[in-house]
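Read through the structure below, which is laid out as structure tokens, and then see the notes.
The values are calculated or read from the model by the stated rules, or taken from the named source; none is laboratory data. Here the structure is a predicted model, which is why all the values come from computation and not from measurement. Neighbour counts are summed over all protein chains in view; Cβ atoms, including those assigned to glycine, are modelled from backbone coordinates with ideal geometry.
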Amino acid sequence: MNRYIKTALVGAIFVFPALIFAEMKIGYIDSNRIMNEYSEVAIVQAAVEKEQRKMETDFNKLVAQLDSVKTEFTKQSLLMSDTRRQEANAQIKEMEINIQNFQTQKFGPSGEIYEKQRTLLAPVLKKVDTAIQKVGAERSYDYIFDAVSGAIVYALDSHDLTQFVLDELKAPATPAPGTGN
């Protein structure tokens with residue numbers, strides 16, 4: 001008899017979680033595929049690439065000008081006075097700094113090209129998010145994950161525990177059991 005109880009208990013331990021999760025509907029999306037196949041993303045990418053090529057052309061012009069000044073300096077440096085040589089060196093250093101600043105301003109982590117991409121992509125990402133929310137609601141999903149990032153991209157509001165956590169944080173601290181306080 002005791003053996004039957006143990007077997008039933010072990011069976012319940014394995015079956016109970018399956019029953020709980022059986023009612024939960026979870027799905028996923030592949031954000032890379034969406035970004036590759038959604039035509040509006042291609043339009044944004046083309047616009048960003050066009051702007052990037054323009055910036056790269058401007059950058060290459062600045063580098064060519066610097067190379068020209070350096071070449072001229074090398075040819076003429078023996079004939080220059082010390083004052084003129086110092087002025088030419090200062091001009092070269094200034095041009096190098098300007099090129100570095102241009103590169104950072106246009107292509108750096110918070111550069112114009114990334115800002116342009118973010119600005120152009122924002123409405124597209126909003127459409128993608130709206131589509132995800134609609135699919136999740138219409139098909140009664142509890143959660144939808146992004147298979148690429150692992151992030152939750154849709155969840156039922158009933159699963160949001162944020163307010164409970166905030167309430168717990170705002171509640172007066174209770175002493176831990178066994179601390180004597």
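Kindly indicate the residue of segment 143-172 that is closer than 16 Å to Thr130 by Cα and among the charged types (D, E, K, R) and also surrounded by the fewest Cβ atoms within 10 Å (Cβ to Cβ) among those meeting that condition.
Filtering segment 143-172 for residues that are closer than 16 Å to Thr130 by Cα and among the charged types (D, E, K, R), the one surrounded by the fewest Cβ atoms within 10 Å (Cβ to Cβ) comes out as Asp157.
Results for (1) in a helix (DSSP H, G or I); (2) of a type in the set (D, E, K, R); (3) in contact with a strand residue (DSSP E or B) (Cβ under 8 Å, 6 or more places away or on another chain), shown as yes or no for each residue.
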| position | (1), (2), (3) |
| --- | --- |
| Asn89 | yes, no, no |
| Gln105 | yes, no, no |
| Ser110 | no, no, no |
| Leu120 | yes, no, no |
| Lys126 | yes, yes, no |
| Asp129 | yes, yes, yes |
| Val135 | yes, no, yes |
| Gly150 | no, no, no |
| Phe164 | yes, no, no |
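Would you check which residues across segment 29-38 are exposed (fewer than 15 other Cβ atoms within 10 Å of the Cβ) and aromatic (Phe, Trp, Tyr) and list them? Quick ask: steps written out before the conclusion?
Initially, segment 29-38 is screened for residues exposed (fewer than 15 other Cβ atoms within 10 Å of the Cβ), giving 30, 32-33, 36-37.
Of everything in segment 29-38, nothing turns out to be exposed (fewer than 15 other Cβ atoms within 10 Å of the Cβ) and aromatic (Phe, Trp, Tyr).
State which residue pairs qualify: first residue farther than 12 Å from Gln91 by Cβ and touching a residue at least 40 places away in the same chain (Cβ under 8 Å) and inside segment 68-80, second residue surrounded by 10 or more Cβ atoms within 10 Å (Cβ to Cβ) and among the acidic types (Asp, Glu) in any location, beta carbons under 7 Å apart, and separation of 6 or more residues or different chains.
Within 7 Å, no pair qualifies.
Say we look at segment 97-125 and pick out the residues that are surrounded by 15 or more Cβ atoms within 10 Å (Cβ to Cβ) and charged (D, E, K, R); which of these is nearest to Ile43 (Cα to Cα)?
Looking at the filtered set, the residue picked out is Lys116.
Among (1) surrounded by 13 or more Cβ atoms within 10 Å (Cβ to Cβ); (2) modelled with pLDDT of 90 or more, where does Glu138 come up short?
Answer for Glu138: the failing condition is (1).
Search segment 1-44 for residues being over 30 Å from Val124 (Cα atoms) and of a type in the set (Phe, Trp, Tyr), and hand back the single one that is modelled with the highest pLDDT.
Taking the candidates together, the pick is Phe21.
Taking the criterion of being touching a residue at least 24 places away in the same chain (Cβ under 8 Å), within 25 Å of Asp146 (Cα to Cα), surrounded by 14 or more Cβ atoms within 10 Å (Cβ to Cβ) and touching a strand residue (DSSP E or B) at 6+ places or on another chain (Cβ under 7 Å), would at least one residue in segment 39-52 satisfy it?
No, segment 39-52 contains no residue that is touching a residue at least 24 places away in the same chain (Cβ under 8 Å), within 25 Å of Asp146 (Cα to Cα), surrounded by 14 or more Cβ atoms within 10 Å (Cβ to Cβ) and touching a strand residue (DSSP E or B) at 6+ places or on another chain (Cβ under 7 Å).
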